[in-house]
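Everything on this sheet refers to the single structure shown next.
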Amino acid sequence: MTFTTLTFLLFLAVVFAGYWSVRGRVGQNWVLLVASYVFYGWWDFRFCALILASSLVDFAIARALVRRRDGPRAAQKALVALSCTLNLGVLALFKYYGFFVDSFAAGLASLGLAPSLPTLHLVLPVGISFYTFQTLSYTIDVYRDQADARSGDASPGLASGSLLDYLTYVALFPQLVAGPIERARRLLPQLQRARSFDEDQARDGAKLMLWGFAKKIILADHLGEFVEQVYGGGIVHASGPVLAVATICFAFQIYCDFSAYSDIAIGCAKLLGLSLVRNFAYPYFSQSVDEFWRRWHISLSTWFRDYVYVPLGGSHHGPARLWLALMLTFTLSGLWHGASWTFVIWGAVNGVLVGLAARLRPASSPRLGPSDLPPPLRGFSGLRALARMLATFTVICLTWVLFRAEDLPQAMGIFSRMLTDIPRPAAWTELVHHREFLAAFGPLVVMLVTVEWLTRDREHPLGLPGWPRPLRWALYTGLCWLTIYLMPDDPGAFIYFQF
């Protein structure tokens, strides 16, 4: 069951009615828990057993940590190590076993050996990377005394929680499959108190969902068709300019696709009286690569920061430790995205770029974070800031080649073709074959950038404060009908479902 289907909208309507018809947090959480397992089991009911087992294991380990809070630290560390081993072991089995076996076999083959290694054909459970990180962060936070296994938060004033609250936190259907990756200390307290219907919050959630549907269906799916036409098949057959345009289209496709999922998830949670963490803060308005990563997939970036980068020493132990922490963090982040060397190299390249950006930035240059809205050009200094934005966007687009390419030979072929073809005027004539697509969707991309720029001080563009109600409703209705009109016969799955 995906967001862009009539099935999901009917499902959400039933859940919404049932959720607000019961009183008290226990009844509301039961509705959420049952709905979440129905939602997740829609792909394959066997997935439910895996997420339940993962949830129960970490809940038991967290309770054991609480019981041993005054005991030897070594015993607590052993429990955290057990949680890490089990969670990451399951993730490695389902997602990386084939990758590691194939890479090992290829290494042996390069030495003239012909190994016969065992293979497994496992179905990758949807969203396993997301909920694994969510349960793992819970036990780590309990160990750090940043969350309490009885209440979900270190605040002693909160009522004692329950297994029901925790299972609901892990499986909450709006963000289960592709995030945002929530923390127990933020979401669990919301589930431990009864929610009352807030019309303003629900209205804002509906607007955010409409904006997400529009980005996904109007732009992401149609841009994806063009990108697949150019990148698909593994063979580099297009000219350099066409490849460059397709790469830019992919940059907007993945942004519109993934931010749309986050918008729909956050908006859906608002309909249920819950607040999810913001996941995107206009990342393509960044003026450096490190700023980009503070604005892109914020919940994952902060997860790796808190549980990998900081424990490795971060920036507090000299340049050597800083570079080690950066490279390990970004390389692991790349591997998290997929079992392929293209993702590993993509992560490592971003680690190098972030390190260089941090080292080369002038001391007077602003360091912007996702909460600094209106952030993109605070301290705007004319063309220099615009040039930094365009340069950062260009670099990010080049890294997206590694992310989108089917394998390393294709990625290298694309880089080579762009390098040799773009300077040749004759190579640009191939763009004529795609003039209808560019004429239709080029202006829509420009319109998206313009709208987000003009509304960069708000969470999403559809708030429209101060607009007359008839004009607002005319815009909402028109956007809704345009989304329906442009919906493909077979809407594409969200890109991050594969992770």
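The values are calculated or read from the model by the stated rules, or taken from the named source; none is laboratory data. These numbers were taken from a predicted model, which means no experiment stands behind them. Note: ideal-geometry Cβ built from the backbone for every residue, glycine included; neighbour counts use all protein chains shown.
Pro319 - would you say it is at negative phi, outside any helix (DSSP H, G or I) and outside the structural domain of Val446 (by TED's automatic domain parsing)?
No.
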Can you find a residue that is among the hydrophobic types (A, V, I, L, M, F, W, C) and assigned to a loop (DSSP other than H, G, I, E, B) anywhere in the range 14-32?
yes
Taking the condition hydrophobic (A, V, I, L, M, F, W, C), surrounded by 20 or more Cβ atoms within 10 Å (Cβ to Cβ) and at pLDDT below 90, does Ala281 pass?
no
Among residues of the range 463-499 being within 17 Å of Tyr261 (Cβ to Cβ) and of a type in the set (A, V, I, L, M, F, W, C), the residue modelled with the lowest pLDDT is Phe499
May I ask you to list the residues in the range 198-229 that are surrounded by fewer than 19 Cβ atoms within 10 Å (Cβ to Cβ) and of a type in the set (D, E, K, R)?
Asp198, Glu199, Asp200, Arg203, Glu225, Glu228
Looking at the range 79-102, which of the residues that are surrounded by fewer than 13 Cβ atoms within 10 Å (Cβ to Cβ) and of a type in the set (Gly, Ala, Ser) is modelled with the lowest pLDDT?
Gly89
Restricting the range 318-333 to residues that are surrounded by 23 or more Cβ atoms within 10 Å (Cβ to Cβ) and not polar (S, T, N, Q), the one nearest to Leu300 (Cα to Cα) turns out to be Phe330
Would a scan of the range 260-273 turn up a residue that is outside any helix (DSSP H, G or I), assigned by TED's automatic domain parsing to the domain that holds Leu402 and either of a type in the set (Gly, Ala, Ser) or surrounded by fewer than 23 Cβ atoms within 10 Å (Cβ to Cβ) (or both)?
yes
Determine, yes or no, whether Thr429 is at pLDDT 90 or above and out of contact with any helix residue (DSSP H, G or I) (no Cβ under 8 Å at 6 or more places or on another chain).
no
Failed criterion for Thr4 (all others in (1) part of a helix (DSSP H, G or I); (2) touching a Phe, Trp or Tyr at 6+ places or on another chain (Cβ under 7 Å); (3) outside the structural domain of Phe173 (by TED's automatic domain parsing) hold)
(1)
For Phe16, all conditions in the list (1) loosely packed, with under 13 Cβ neighbours inside 10 Å; (2) of a type outside the set (S, T, N, Q); (3) modelled with pLDDT of 90 or more hold save one; what is the number of the exception?
(1)
More than 29 Å from the chain's Cα centre (by Cα), assigned to a helix (DSSP H, G or I) and within 17 Å of Ser83 (Cβ to Cβ): does that describe Leu56?
no
Please verify whether the range 197-210 includes one or more residues that are of a type in the set (S, T, N, Q), in contact (Cβ under 8 Å) with a residue 60 or more places away in the chain and closer than 20 Å to Pro443 by Cα.
no
Tell me, yes or no, whether the range 257-280 has at least one residue that is touching a residue at least 12 places away in the same chain (Cβ under 8 Å), under 17 Å from the mean Cα position of the chain (by Cα) and under 20 Å from Met412 (Cα atoms).
no
Working carefully through the options Gly232, Gly240, find the one that is surrounded by fewer than 20 Cβ atoms within 10 Å (Cβ to Cβ) and farther than 30 Å from Thr477 by Cβ.
Gly232
If you take the residues in the range 156-191 that are at pLDDT 90 or above and in a loop (DSSP other than H, G, I, E, B), which one is nearest to Trp43 (Cα to Cα)?
Leu172
Could we say that Ser301 is polar (S, T, N, Q) and assigned to a helix (DSSP H, G or I) here?
yes
Go through (1) in contact (Cβ under 8 Å) with a residue 12 or more places away in the chain; (2) assigned to a helix (DSSP H, G or I) one by one and return the number of the condition Asp44 breaks.
(2)
Applying the selection to the range 381-425, what residues are assigned to a helix (DSSP H, G or I), over 22 Å from Tyr284 (Cα atoms) and among the basic types (Lys, Arg)?
Arg417
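Has the range 349-362 got any residue that is modelled with pLDDT under 80, part of a loop (DSSP other than H, G, I, E, B), of a type outside the set (Val, Ile, Thr) and loosely packed, with under 12 Cβ neighbours inside 10 Å?
Looking through the range 349-362, at least one residue is modelled with pLDDT under 80, part of a loop (DSSP other than H, G, I, E, B), of a type outside the set (Val, Ile, Thr) and loosely packed, with under 12 Cβ neighbours inside 10 Å.
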Would a scan of the range 426-441 turn up a residue that is of a type in the set (D, E, K, R), surrounded by 14 or more Cβ atoms within 10 Å (Cβ to Cβ) and outside any helix (DSSP H, G or I)?
no
